[in-house]
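The values are calculated or read from the model by the stated rules, or taken from the named source; none is laboratory data. Worth saying up front: this structure is predicted, and the values here are computed from it rather than measured. Note: ideal-geometry Cβ built from the backbone for every residue, glycine included; neighbour counts use all protein chains shown.
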Amino acid sequence: MKVSIIGATGYGGLELLRFLHNHKEVEEIGLFTSSEEGTVFSDKFPHLTNIYNQPLLKIDYDVLAKSDVVFASTPSGVSSTLFPPLVNRGPKLIDLSGDFRLKNLESYESWYKKKPAPKEAVEKSVYGLTEWNEAAIKTSDLIANPGCYPTAVLLSILPLIKHQLIDPSFLVIDAKSGISGAGNKPSNTTHYSEANESFSIYKINEHQHIPEIEQAISMFTDTETTITFNTHLVPMTRGILATSYAQVTEGVTQKQLVDCLTSTYENHPFVRVIQEASSMGTNRVKGSNYCDIYVKLDERTKRATIIGVIDNLVKGAAGQAIQNMNVQFGLPQQTGLQLVPYFI
Ligand SMILES: NC(=O)C1=CN([C@@H]2O[C@H](COP(=O)(O)OP(=O)(O)OC[C@H]3O[C@@H](n4cnc5c(N)ncnc54)[C@H](OP(=O)(O)O)[C@@H]3O)[C@@H](O)[C@H]2O)C=CC1
Ligand SMILES: CC(=O)N[C@@H](CCC(=O)OP(=O)(O)O)C(=O)O
């Protein structure tokens, strides 16, 4: 397979390359840039010396059209214009940004403060939460890869909402992310001296992943709800831990909650239902495509604490994008993604 990465110099792009390098069906990887045409990739990233000594390529539709797959790992507002001319020209398109995720264009404009992608392209796109949308992904030519936070949240709560074990009307979600979630462009909030030794909340009640999570709950469980969702920055490089709180339906037991998660994911290699809370942590999934999930009923309040943990750059971005590519090409989902977590 011939694969192209637009935004190869970013964090998502580098992770795509790290996994695609080990993918047995990938023969050629084109690295595309909007700002550094001709730069030798390994000069910019010396850890890739003698591995990727090729020059970065200018974004050119005729070259991209010859690929089997084109990944866009670019800031929001970029693929909305870059991808539409490639629709129906041959390659499968996989977008890691939020540009094709929200079906309601006004909602995209109001949450992302950017001009939405053309309606026809958004209508054509398929939401790439692999474990929940495999059939549609299989036949899709344009994938909207989910956001990092929505992946951790949705994989942990969707089974419990679908089986009516929790009340979705008062979902409170508290999520924390490592700094690589903000991409490679330095800013005050990601500056080492300001982020290190600090734990902060950001985008209170205004995070762009709120409508995405609500839309996916509706799409996969036929439930309309509004959520409270807040995000925090943790002074570490990788990882997301998302904790959701919800009242359980009357009479629901701890065993029912765990059984529901276990049976939902028994045939899904990348979602692991964890039995002990002490085994949940970002270092248990770091560098891997796993999503670990956990649920605990508080017998006193009848509220469930539901946790999802991922590596934001892998299951939250590049890993899930490659998992979707595997589904599109009829390959086993694990192809190229079988790295075990770093742990330390
Ligand atoms: N970081 C994360 O954990 C996650 C990120 N995402 C989403 O994935 C996308 C990529 O994220 P991430 O890799 O972190 O971002 P980065 O900021 O690290 O990288 C983005 C890359 O996009 C390229 N780019 C910038 N502007 C343009 C443009 N106008 N046209 C073409 N390319 C452009 C740049 O490369 P160059 O200058 O060489 O063109 C840049 O290196 C974003 O939309 C992000 O929101 C989704 C899930 C998780
Ligand atoms: C730590 C951090 O800043 N994380 C980013 C994650 C953004 C992201 O993944 O953007 P999409 O909208 O393309 O999904 C944020 O919270 O905005």
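Which of the following residues is touching a strand residue (DSSP E or B) at 6+ places or on another chain (Cβ under 9 Å), within 16 Å of ligand 2 (Cβ to nearest atom) and assigned to a loop (DSSP other than H, G, I, E, B): THR74, THR9?
Going through THR74, THR9 in turn, just one is touching a strand residue (DSSP E or B) at 6+ places or on another chain (Cβ under 9 Å), within 16 Å of ligand 2 (Cβ to nearest atom) and assigned to a loop (DSSP other than H, G, I, E, B): THR74.
Could you list, in sequence order, all residues of segment 249-265 that are of a type in the set (A, V, I, L, M, F, W, C), farther than 23 Å from LYS315 by Cα and out of contact with any helix residue (DSSP H, G or I) (no Cβ under 7 Å at 6 or more places or on another chain)?
Within segment 249-265, just VAL252 meets the criteria.
Step by step: first the residues of segment 287-304, then only those that are part of a strand (DSSP E or B) and not charged (D, E, K, R), then the one that is nearest to the chain's Cα centre (by Cα). Which residue is that?
Per the stated criteria, the residue is CYS291.
Before we move on, is SER180 crowded, with 17+ Cβ neighbours inside 10 Å, within 9 Å of ligand 1 (Cβ to nearest atom) and assigned by TED's automatic domain parsing to the domain that holds THR237?
It is true that SER180 is crowded, with 17+ Cβ neighbours inside 10 Å, within 9 Å of ligand 1 (Cβ to nearest atom) and assigned by TED's automatic domain parsing to the domain that holds THR237.
Could you say whether any residue in segment 211-223 is within 16 Å of ligand 1 (Cβ to nearest atom), touching a residue at least 60 places away in the same chain (Cβ under 8 Å), of a type outside the set (A, V, I, L, M, F, W, C) and surrounded by 21 or more Cβ atoms within 10 Å (Cβ to Cβ)?
yes
Would you call GLU266 under 22 Å from the mean Cα position of the chain (by Cα), surrounded by fewer than 19 Cβ atoms within 10 Å (Cβ to Cβ) and not aromatic (Phe, Trp, Tyr)?
Considered against the rule, which asks whether it is under 22 Å from the mean Cα position of the chain (by Cα), surrounded by fewer than 19 Cβ atoms within 10 Å (Cβ to Cβ) and not aromatic (Phe, Trp, Tyr), GLU266 comes out as yes.
What's the total number of residues in segment 241-259 that are under 18 Å from GLU276 (Cα atoms) and part of a strand (DSSP E or B)?
5
I'd like the full set of residues that are away from ligand 2 (no atom under 16 Å from the Cβ) and under 27 Å from GLN247 (Cβ atoms), limited to segment 129-155.
GLU131, TRP132
What residue, of TRP132, TRP111, is in a helix (DSSP H, G or I) and in contact with a Phe, Trp or Tyr (Cβ under 6 Å, 6 or more places away or on another chain)?
Of the residues listed, the single one that is in a helix (DSSP H, G or I) and in contact with a Phe, Trp or Tyr (Cβ under 6 Å, 6 or more places away or on another chain) is TRP132.
Please specify each residue of segment 164-218 satisfying the condition of being among the hydrophobic types (A, V, I, L, M, F, W, C) and either at positive phi or within 19 Å of the chain's Cα centre (by Cα) (or both).
ILE173, ALA175, ILE179, ALA182, ILE210, ILE213, ALA216, ILE217 - these are the residues of segment 164-218 that are among the hydrophobic types (A, V, I, L, M, F, W, C) and either at positive phi or within 19 Å of the chain's Cα centre (by Cα) (or both).
Of the residues in segment 156-197, how many are within 30 Å of GLN254 (Cα to Cα), away from ligand 2 (no atom under 12 Å from the Cβ) and not aromatic (Phe, Trp, Tyr)?
Qualifying residue count for the region: 18.
So which residues in segment 135-149 are under 16 Å from LEU93 (Cα atoms) and either touching a helix residue (DSSP H, G or I) at 6+ places or on another chain (Cβ under 9 Å) or buried (at least 23 other Cβ atoms within 10 Å of the Cβ) (or both)?
Passing the criteria: ILE137, LYS138, THR139, SER140, ASP141, LEU142, ILE143, ALA144, ASN145, PRO146.
Residue by residue, here is whether (1) under 17 Å from the mean Cα position of the chain (by Cα); (2) at negative phi; (3) of a type in the set (Gly, Ala, Ser) holds:
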site	(1), (2), (3)
ALA277	no, yes, yes
MET280	no, yes, no
ARG284	no, yes, no
ILE306	no, yes, no
ALA321	yes, yes, yes
MET325	yes, yes, no
